[in-house]
1. Any chance region 7-17 includes a residue that's part of a strand (DSSP E or B), basic (Lys, Arg) and either surrounded by fewer than 24 Cβ atoms within 10 Å (Cβ to Cβ) or under 18 Å from the mean Cα position of the chain (by Cα) (or both)?
2. Suppose we filter Asp111, Asp144, Asp139 for residues that are at pLDDT below 85 and among the acidic types (Asp, Glu); which single one remains?
3. Can you tell me which of (1) open to solvent by 40 Å² or more (accessible area, probe 1.4 Å); (2) assigned by the TED database to the domain that holds Ser248 is the one Cys37 doesn't meet?
4. Restricting the search to region 387-411, which residues are open to solvent by 30 Å² or more (accessible area, probe 1.4 Å) and either at pLDDT 90 or above or among the small types (Gly, Ala, Ser) (or both)?
5. Collect the residues in region 330-367 that are in a loop (DSSP other than H, G, I, E, B) and at pLDDT 95 or above, keeping them in residue-number order.
6. Looking at Ile165, Ile77, Ile118 in this structure, which one is over 27 Å from His524 (Cβ atoms) and among the hydrophobic types (A, V, I, L, M, F, W, C)?
7. Return the residues of region 495-512 that are assigned to a strand (DSSP E or B) and open to solvent by less than 80 Å² (accessible area, probe 1.4 Å); say none if nothing qualifies.
8. List every residue pair whose Cβ atoms sit under 7 Å apart, with the two residues 6 or more apart in sequence or on different chains, where the first one lies in region 158-185 and is modelled with pLDDT under 95 and the second, anywhere, is open to solvent by 20 Å² or more (accessible area, probe 1.4 Å) and among the aliphatic types (A, V, I, L, M).
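The values are calculated or read from the model by the stated rules, or taken from the named source; none is laboratory data. Note that the structure is a prediction, hence the values are computed from the model and not measured. With ideal geometry, Cβ positions are generated from the backbone for all residues, glycine too; neighbour counts draw on all protein chains shown. Keep in mind that these areas ignore ligands, DNA and RNA; they rest on the heavy atoms of the full protein, side chains included. Shrake-Rupley method; radii C 1.70, N 1.55, O 1.52, S 1.80 Å.
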Amino acid sequence: MVAKKPRIVIVGAGMAGLVAAHKLYKAATSKDVFELCVVEGGNRVGGRICTSEFGGNQIEMGATWIHGIGGSPIYGIAKKIGALESEKPWERMDGFPEDPLTVTEGGVDVDPSIVNPISTLYKKLMEFAQGKLIEGSEDNEEYDYYKIAAKALKSCTSNGGLEGISIGHFLRKGLEAYWDCANKESEVSNGNGNWSRKSLEEAVFVMNENIQRTYTSAGDLSTLDFNAEREYHQFPDEEITIAKGYSSIIEFIASILPTGLIQLGKKVTKIKWQNDIHSTDMQSCGEPSPVQLHFEDGSTMVADHVIVTVSLGVLKAGTQEDSGMFNPTLPTFKTKAISRLGFGVVNKLFLQLGTPTDQEDKNDAFPFLQMAFQQSGSKTKHQNIPWWMRRTDSLCPIHSNSSVLLSWFVGEEALELESLEDEEVVNGVSTTISSLLQRKLDNPHIFSNGNGNSVENSHVFNFTKLQKSQWGSNPLFKGSYSYVAVGSSGDDLDSMAKPLPSISKDGVPPLQILFAGEATHRTHYSTTHGAYFSGIREANRLLQHYQCGGLSDLLYH
C-alpha cells in the first residue's frame, strides 16, 4: 500500500500565495514528499495586484509602486523578466514633476514660498517619527526641525510615555509648534482672497496629511500608531512603477506552476481544523487529515496544512461571531491581533479627459494639480464641492501630457466613491476643478469641452469615461492594505504570522493552519514585497518541517 502524501492547500492566488506555491513546488525533493494545491476565490490570479488598460495607457488598479529598488525582490523579478521597459505608455512612467501647481478652492495659486516650507516641515516631522531625524544633524536649515518635532512629541505625552500616541495627533502638534516658532504675520499679500497665511499653511499641511493617508490606508491619521513608524522598513533608492505592469510579476510566478495546480472560482467559506485531541478527524480515502475546507460551491477538500493568505479585511469579517469561517474559532491571541490591527480602503479614480480640437500647444496639457481646501467651519467654503473630493490631495495626468487623470481616495470617501454613479463622480470632479481653476479659464481653449461652452453654462471638462477601483466592496478583499492602528503594535503583526498549532502537542498535528500576506510581516506590512517575504517564510516553515531541501529565498536567482 502506497503511503498517502501530505497535502498542502494554499488559500489565495495573490503575491503571498503564489510565492509560497512557487517555493514549495521548486524545492528539491518536495514533489516526492507532498501534494500541492492553490485555491482562489476569484476568476483571476494576482489578488490586490491588477494591471488594466485605460485610454490607451497601462494603469494599476491595485498595487502600483516598487517601494525602493535597493534589495527589493519585486524589482529583482521585474528586471529578470524584462518588465521594466515598454513601448506602451504606463502610469507614472516619468515619476513626479518637480513643480506641481498648488491651487486653493476659489482659484488662489499658492506660492512656493508657502508650499515648500510647510511640505518640508511635514517631511521632517515624519522623519522624526520614523527615527531618521537626529538632533544636531541639520545644517543650514531655517528652523531647528528636531526641536519642533521634540516639542510636538512632548506635548502629546501627558504621562511621559509614548503608548497610545497617534501620528495624526503628533503632526498637528508639530504644526502648532512650527507656528509658535515662525511667529509670522497672519495675513498674506494681496491676491489671496479670503485666505490668511495661516489658513493657506494649514491647507497645504492637510494636503500632505491626505497624501500620507494614501500611503498608509488609514482613513484618519488619528488612528495610526506613532511607535510603529520606527519599525516600518523601506528599501533604499528610487521608487518606480513597472513598465509592463505589476501583473507581469504575478504571471511570471504563476507560469512556473503546472497546469491545474491553481484552481480558480474556489471561494473558501469555512476551514475546520483540530485544536485538541477531541476534534473529529477528517477522512480522505480512509486516511485521516486534520483540516477540511468548505467552498461556496458546496464542495470540500481535505488537507494536512493550509496556508491562509486572504486579506486582513477578510480575516476581520471571518472572525466575527456570526461568521464561522474557522471551526473551532481561532485562539484569542490571534483574534485580538486581527481585531486590533488597522485595515483601510484606498481607491483610485481614472478619468479620460477629452482633447479639444484646437489644442495644439503641449503647454496646454492638464497640470499636475495639488488641491488645497478650506477647513471645516470656514464660511468661504465652496458649497458645491462634494465632501468626498475635499480629502483627496491631487488630480493629475498619469504621466506628462497624458489625457488620463488620476486621483486617490481613502477611507470614507473611498467607500463613497464606490457607491456613486459615474455621472455623479464626473459632476463632483468637474465642479471641484472649476472652483480651483476658475481664474485660468479666461483661456477657454485649454479646458474646453469641445462645444466652446464656458464654465458658467456647462462643465468645461469633457470627461469621456472613467474607471475606478472598488476594493472596499469586493468580498474577496474588503479593503486595500493593513496598518498598525493605535492600540495595536508590531507584536500583533508577529501574532498574525504564528501557525496553528505551532508544534505537535498531545497528539494534535502541528502546522495545520499557517498565515501569510502583507498583514503578517512586522516590518514590511502593506506592501507587495511584504507579502512576498511572508510567502517565502511559510513555505520554508513547511519545508523545514518535512526536512526538504530548498532554493534561495529570492525567486529571481
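1. Step one: of region 7-17, the residues part of a strand (DSSP E or B) are 7-11.
Of the ones still in play, those that are also basic (Lys, Arg) are 7.
Within this subset, residues satisfying the condition of being either surrounded by fewer than 24 Cβ atoms within 10 Å (Cβ to Cβ) or under 18 Å from the mean Cα position of the chain (by Cα) (or both) are 7.
So far as region 7-17 goes, yes, one or more of its residues are part of a strand (DSSP E or B), basic (Lys, Arg) and either surrounded by fewer than 24 Cβ atoms within 10 Å (Cβ to Cβ) or under 18 Å from the mean Cα position of the chain (by Cα) (or both).
2. Asp139 is the lone residue from the list that is at pLDDT below 85 and among the acidic types (Asp, Glu).
3. The number of the failed condition is (1).
4. Trp387, Arg390, Arg391, Ser400, Ser403, Trp408, listed by residue number.
5. The initial filter retains those residues of region 330-367 that are in a loop (DSSP other than H, G, I, E, B), namely 330-331, 341, 345, 354-361, 365-367.
If the condition is that a residue be in a loop (DSSP other than H, G, I, E, B) and at pLDDT 95 or above, then Leu330, Pro331, Leu341, Val345 are the ones that fit.
6. Just one listed residue meets the conditions, Ile118.
7. Selection gives Leu500, Val508.
8. Cβ pairs passing all conditions: Gly164/Val486.
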